[in-house]
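A.B. asks: I am attaching a structure below and will ask some questions about it afterwards.
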Amino acid sequence: MANKEIILAIDDDPAVLQFMKVVCHHAAYEFHGADSGANGLELLKQLKPTAILLDVNMPEMDGLETLNQIKSEFPKLSAPIIFLSAKTDLATISEATSWGSTYLLKPINPERLLAKIEAVIHDNRAKKVLS
């Protein structure tokens, strides 16, 4: 399918990546996973994702630093970002959402994840049409 929606997930937990892969494939999304921020940045050189799922708490380069690098290296990328984290502190949530990103708390159930992916894709399309 030429117009298949592409989801890029960046998370250091292999079980979480597998969960997101199953959920995305079940919803007919094309899924690509990266186990670190650096590997996610490498995939972005090859992909034009429709949405990005990004873990906040990762070793070496956390999700917030990964987002800074994405904005710096791919300034024209318009894919919405969904941050995923078990962190509930207001400072982390505020920093993550200050970029216009969405924040989902782990653990995440499949229905909630799909609903959020569909919502950000829909909102992003609407913004493009209006601009």
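Yes/no matrix, rows are residues, columns are (1) out of contact with any Pro (no Cβ under 9 Å at 6 or more places or on another chain); (2) touching a residue at least 24 places away in the same chain (Cβ under 8 Å); (3) not small (Gly, Ala, Ser):
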site: 41; (1), (2), (3): yes, yes, yes
site: 64; (1), (2), (3): yes, yes, yes
site: 76; (1), (2), (3): yes, no, yes
site: 81; (1), (2), (3): yes, yes, yes
site: 90; (1), (2), (3): yes, no, yes
site: 113; (1), (2), (3): yes, yes, yes
site: 120; (1), (2), (3): no, yes, yes
site: 126; (1), (2), (3): yes, no, no
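A.B. asks: For the range 14-33, how many residues meet the condition of being within 14 Å of residue 108 (Cα to Cα) and exposed (fewer than 15 other Cβ atoms within 10 Å of the Cβ)?
C.D. replies: Of the residues in that region, 3 qualify.
A.B. asks: Inside the range 6-61, can you point out the residues that are among the acidic types (Asp, Glu), under 11 Å from the mean Cα position of the chain (by Cα) and at pLDDT below 95?
C.D. replies: Selection gives nothing.
A.B. asks: Scan (1) modelled with pLDDT under 95; (2) touching a strand residue (DSSP E or B) at 6+ places or on another chain (Cβ under 8 Å); (3) surrounded by 12 or more Cβ atoms within 10 Å (Cβ to Cβ); (4) not in a strand (DSSP E or B) for the single condition residue 104 breaks and write down its number.
C.D. replies: The failed condition is (4).
A.B. asks: Tell me which residues, restricted to the range 107-131, are over 23 Å from residue 12 (Cα atoms) and assigned to a loop (DSSP other than H, G, I, E, B).
C.D. replies: Correct list: 131 only.
A.B. asks: Looking at the range 34-50, which of its residues are under 24 Å from residue 91 (Cα atoms) and buried (at least 20 other Cβ atoms within 10 Å of the Cβ)?
C.D. replies: Scanning the range 34-50 gives a single hit, 37.
A.B. asks: Sort out which residues of the range 86-98 are in contact with a Leu (Cβ under 7 Å, 6 or more places away or on another chain) and either surrounded by 14 or more Cβ atoms within 10 Å (Cβ to Cβ) or among the charged types (D, E, K, R) (or both), and write them in order of number.
C.D. replies: Hits for the range 86-98 are 95, 96.
The values are calculated or read from the model by the stated rules, or taken from the named source; none is laboratory data. Note that the structure is predicted; figures quoted are calculated from it, not measured. In this analysis, Cβ positions are derived from the backbone assuming ideal geometry, glycine residues included, and neighbour counts consider all displayed protein chains.
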